[in-house]
Amino acid sequence: MKKLRFISLFCIYLAVLTLSGCAEPEKQAPSRTVTLMTWNVHNLFDGKDDGYEYAEFLQSSGWSDEKYKSRINSISSAIGQTSPLPDIILLQEIESLQVLEDLALSLHRGFSWSHFANNPGAAIGLGIISRFPLLDATAHTITVGNDTTPRPVLEVRVSAMENEFVIFICHWKSKIGGDDATEKVRRASARAILRRSREILESEPEIGIIVAGDLNLNHDEFSRRGSNVICALLPDNPYSALLAGAEQKDFIVITGDIPPKPRFFPQDAIVFYSPWEPPAENQFDEDIKGLWELEKGTYFYRNNWETIDHFLISHHFFSNSNLQYINTLIADYPPFVNAGGMPFAYNVRTGSGLSDHLPLVFVLGVGE
């Protein structure tokens with residue numbers, strides 16, 4: 001495995017991205033695909049005590065290298081049962097670069113590239129393993145007031161089949177402490193992504209951008225919270241646009257429209273396509289598969305499905321004939337789910353299960 005550097009950089013980003021829409025050209029049938037997976041694997045620790053582990057993953061609590069290796073094998077076996085098989089895997093809640101590399105080796109599919117990022121002293125971080133070259137990576141740790149995001153945003157540039165694109169791998173702050181009280185930290189993460197996206201597109205206007213990972217926000221968070229709170233994710237509708245005002249400072253606008261472009265927000269607003277969002281009635285496209293038809297999500301909490309895991313996609317993947325969006329799938333089948341159809345969460349005591357999140361699988365088509 002080609003080992004790339006461990007990343008733990010500190011950056012603060014506070015700005016807005018300008019993005020213009022463009023017309024969709026005639027579709028071409030893809031001859032090849034690039035498949036990505038994002039998955040919060042729920043506390044994947046190695047078998048050594050490093051001083052930052054959660055209590056149940058200490059050797060004094062019975063955790064061991066043997067149990068760790070068994071879990072690596074279970075996770076790699078499950079990934080091997082997804083269809084289509086992923087070429088690029090984005091992971092949240094992993095302990096280290098070594099965990100990434102152990103998983104990559106266990107998959108036996110040529111995952112030769114990896115990056116990992118966390119905050120210094122943090123128990124868990126996030127990372128990527130890839131069969132395609134990773135050209136560059138930077139971790140952005142964001143501070144807002146006296147709060148620092150618990151995990152950085154990991155920015156990675158990928159080269160796949162003569163195409164380059166940028167991924168922002170995320171695990172935004174959870175709602176522990178209160179939905180509204182923690183929102184400012186999630187909005188700070190969104191602000192960082194907006195700033196970097198603008199910088200990238202000013203020099204490379206044709207490069208595609210993907211925001212992915214566990215954002216700890218539902219796609220319909222705005223309506224769930226009474227349509228009166230500015231969240232880090234906002235739908236492109238007249239109510240959110242009126243509340244947010246003219247300037248997009250620290251929220252990402254999402255839409256089901258194809259290609260994504262602002263309808264109710266100003267024309268310079270950042271808008272990403274979300275497969276969770278239903279399309280406009282006059283824009284339904286049978287060739288584009290989304291998740292909006294499903295009545296479930298990737299995380300089950302208090303007897304409700306939540307859509308907190310995401311792929312958010314810039315307009316480039318609908319207007320670039322060489323790399324086009326095909327669909328997004330939920331891995332909602334065994335071994336990822338239990339007999340009741342819920343995520344088969346890992347049990348430290350028994351060693352059974354995988355994670356309390358289901359993976360999302362995202363497919364791009366590569367034309368000739």
**OP:** With a/c under 1.5 counting as rounded, go ahead and sort the stretch 151-275 into rounded, prolate or oblate using the C-alpha gyration tensor (a ≥ b ≥ c being the square roots of the eigenvalues; past the cut-off, prolate if a/b is larger than b/c, else oblate).
**Re:** oblate
Subject >> Pairwise centroid distance, computed over Cα atoms, of the stretch 117-131 with the stretch 192-227, Å >> reply: 20
Original post:
Which semi-axes, in whole Å and largest first, does the equivalent ellipsoid of the chain have when worked out from the alpha carbon gyration tensor as the square roots of 5 times its eigenvalues?
Top reply: 31, 23, 21
**OP:** Give the ranking of 171, 42 by solvent-accessible surface, highest area first, calculated with a 1.4 Å probe.
**Re:** 42, 171
**OP:** Quick one: which residues, 5 or more positions from residue 63 or on another chain, have an amide H under 5 Å from its amide H? H modelled 1.01 Å from N in the peptide plane, none for Pro or chain starts.
**Re:** 58
Original post:
Give or take rounding to whole Å, what are the principal axis extents of the alpha carbon atoms in the stretch 71-190, in descending order?
Top reply: 44, 34, 27
Original post:
Hey, got a sec? Which GluC sites (Glu not before Pro) in the stretch 187-241 land in a DSSP loop and have at most 10 other Cβ atoms within 10 Å?
Top reply: 206
Original post:
Dividing the alpha-carbon radius of gyration of the stretch 184-244 by 2.2 N^0.38 Å (N being the number of residues), what value is obtained?
Top reply: 1.26
Subject >> Förster radius 35 Å - calculated FRET efficiency between residue 50 and residue 70, Cβ distance, rounded to 0.05 >> reply: 0.95
**OP:** Would you mind checking 184/296; 48/296; 261/296; 175/249; 67/173; 69/184 for any pair whose Cα atoms are more than 30 angstrom apart?
**Re:** 48/296; 69/184
Original post:
Considering only protein heavy atoms and a 1.4 Å probe, what is the carbon-and-sulfur percentage of the accessible area of the chain?
Top reply: 48
Subject >> Cα-projected label distance for residue 112 with residue 164, points at 7 Å along beta-carbon direction, nm >> reply: 1.9
Subject >> Projected-area average for the stretch 295-338 over all orientations - Cα convex hull basis, square nanometres >> reply: 4.4
Original post:
Picking from 223, 355, 203, which is most flexible by a Gaussian network model of the chain using Cα springs under 10 Å?
Top reply: 203
Original post:
How big is the antiparallel share of DSSP beta bridges in the chain, given as a percent to the nearest 5?
Top reply: 70
Original post:
Which log10 I(q)/I(0) values, to two decimals, does the stretch 214-283 give at q = 0.14 Å⁻¹ under the Debye formula with one point per Cα?
Top reply: -0.36
Original post:
What is the set of long-range amide H partners of residue 297 at a cut-off below 5 Å, with H atoms built 1.01 Å from backbone N?
Top reply: 306
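The values are calculated or read from the model by the stated rules, or taken from the named source; none is laboratory data. Owing to the predicted nature of the structure, the values given are computational and were not obtained by experimental measurement. Neighbour counts are summed over all protein chains in view; Cβ atoms, including those assigned to glycine, are modelled from backbone coordinates with ideal geometry. For the accessible areas, the whole protein counts, side chains as well, though only heavy atoms, and no ligand, DNA or RNA atoms are used. Shrake-Rupley method; radii C 1.70, N 1.55, O 1.52, S 1.80 Å.
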